[in-house]
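For reference, the structure is listed below as structure tokens.
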Amino acid sequence: MSSAKTMLLVSVWRGTGTQGRYEAFEVPQEDNQTILDVVSWVQQNLDATLSYRFACRVGMCGSCAMMVNGKPRWTCRTHVGKVAENGRIDVAPLRNLPVIKDLATDMDPFFDKWVGAEGHFHPTRTRADPIEAINPESPSRKLADEGIECINCAVCFAACDTVTANSDYLGPAALNRAWTLLNDEKDGDRTGVLDAVSGSGGCHNCHSLGSCAAYCPNELSPITAIAGLKRETARSFFRKGR
Amino acid sequence: MIGLKLYMLQRLSAMVMAPLVLGHIAVMIYAIQGGLSAAEILGRTKGSIVWALFYGTFALAVSIHAAIGVRVILAETILKNRHALDGLTLAIGAGLAFMGLSAVYAVTAS
Ligand code: SF4
Ligand code: SF4
Ligand code: FES
């Protein structure tokens, strides 16, 4: 072991609720090191009381998102080499969500908005019925497919300035989910979904600047989904005068 | 803090405004190039139903469009109270409509 390992200067947000401050740590730099590795190293070697959240470590579960040098990232798939600025890394809890402790945020507001956007499946058949055949090449299925790889990480939610400014706004992930349901031929409540995204916190509040799509780690485009929702709700407005 | 109805109102008022803005600019260029005096312009607008309708529609569309635009800015910056926001949106729209229509009346009433 060489004793002259390069050290990373890591600033980590510590605190509960609205109170807190950054605490500095030195972490040895490794090859192929992720931000989650850095945070875990601090917790395992320097301060066991550091709170943060992760599960899968491979970009599947969506639980490890944090602000890294001011930008929302999935930390288990974010390499230190890509984001460190002169060996410095700032890690903070995800923006636009209340902090529970240190790097762990309360995700309830995020998931409440999925419910608010009718972001759950509305079945039309029972388990006794035969499975409905869906053509994977149909235009609506293709549109739905573009948005279904969401891992609920809330990176887009943290990136969205409209979420910051308007606490009612459903946000990019919930609206993206509503759009996939609207294009899902098996979903039985089109009107319910359109109504849910048409309220005072609905899709019409999006300013279409696209931070959501720029930061989504799975390269989804909530901004495109929201444009689709605006189009479909406008159409239903003319059809039904709603 | 806008739902589908306000969104549609803002988009539709924009669609009404777009051709009227172009018409207005064309008229301005024509009036200035031709060297029309204020009196000559008033001579043409006074008593004209067409100009009253043209600028009346313009003033109303602007009032609706601007009131909703200002509402969004206020909602996202300093005014979080829903009722205050509704009241202020109406007041801004009504105020703009009153000023706009008064001006239209002044140049078109004979
Ligand atoms: S495009 Fe819309 S949803 Fe995406 S970040 Fe901007 S305001 Fe938020
Ligand atoms: S849309 Fe992308 S950024 Fe937003 S929650 Fe889903 S995976 Fe994360
Ligand atoms: S730990 Fe599961 S996505 Fe990062």
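In the list B:Tyr55, B:Tyr7, which residue meets the criterion of being in contact with a helix residue (DSSP H, G or I) (Cβ under 9 Å, 6 or more places away or on another chain), of a type in the set (Phe, Trp, Tyr) and away from chain A (no Cβ under 14 Å)?
Criteria check complete, one pass: B:Tyr55.
Quickly run through region A:113-143 and pick out the residues that are over 23 Å from A:Ser211 (Cβ atoms) and either of a type in the set (Asp, Glu) or surrounded by 21 or more Cβ atoms within 10 Å (Cβ to Cβ) (or both).
A:Glu118, A:Asp129, A:Glu132, A:Glu137
Is it the case that A:Asn183 is modelled with pLDDT of 95 or more and surrounded by 24 or more Cβ atoms within 10 Å (Cβ to Cβ)?
Here the answer is no, as A:Asn183 does not meet what is asked.
Can you say whether A:Asn218 is within 12 Å of chain B (Cβ to nearest Cβ) and in contact (Cβ under 8 Å) with a residue 40 or more places away in the chain, as far as the supplied structure shows?
Taking the combined requirement at face value, the residue does not satisfy it.
Name the residue, out of A:Asp195, A:Asp189, that is under 24 Å from B:Tyr7 (Cβ atoms), within 14 Å of another protein chain (Cβ to nearest Cβ) and surrounded by 15 or more Cβ atoms within 10 Å (Cβ to Cβ).
Unique residue meeting the criteria: A:Asp195.
Report, by residue number, each residue of region A:198-215 that is within 11 Å of chain B (Cβ to nearest Cβ) and either surrounded by fewer than 19 Cβ atoms within 10 Å (Cβ to Cβ) or within 20 Å of A:Ser138 (Cβ to Cβ) (or both).
A:Gly199, A:Ser200, A:His207
Which one of B:Ser37, B:Ser63, B:Ser110, B:Ser102 is in contact with a Gly (Cβ under 7 Å, 6 or more places away or on another chain) and exposed (fewer than 14 other Cβ atoms within 10 Å of the Cβ)?
Criteria check complete, one pass: B:Ser110.
Looking at region A:160-192, which of its residues are more than 16 Å from ligand 2 (Cβ to nearest atom) and among the aromatic types (Phe, Trp, Tyr)?
none
How many residues does region A:149-180 hold that are more than 14 Å from ligand 3 (Cβ to nearest atom), part of a loop (DSSP other than H, G, I, E, B) and surrounded by 24 or more Cβ atoms within 10 Å (Cβ to Cβ)?
4
Could you please give the count of residues in region A:165-186 that are within 14 Å of chain B (Cβ to nearest Cβ) and without any contact (Cβ under 8 Å) to a residue 60 or more places away in the chain?
Summing the residues that are within 14 Å of chain B (Cβ to nearest Cβ) and without any contact (Cβ under 8 Å) to a residue 60 or more places away in the chain in region A:165-186 gives 7.
Of the numbered conditions (1) within 16 Å of ligand 2 (Cβ to nearest atom); (2) surrounded by fewer than 17 Cβ atoms within 10 Å (Cβ to Cβ); (3) assigned to a strand (DSSP E or B), A:Ala55 fails exactly one; give the number of that condition.
Of the numbered conditions (1) within 16 Å of ligand 2 (Cβ to nearest atom); (2) surrounded by fewer than 17 Cβ atoms within 10 Å (Cβ to Cβ); (3) assigned to a strand (DSSP E or B), the odd one out for A:Ala55 is (3).
The values are calculated or read from the model by the stated rules, or taken from the named source; none is laboratory data. Since the model is a prediction, treat every value here as computed from it, not as a measurement. Here Cβ is always computed from backbone atoms with ideal geometry, including for glycine, and neighbour counts include all displayed protein chains.
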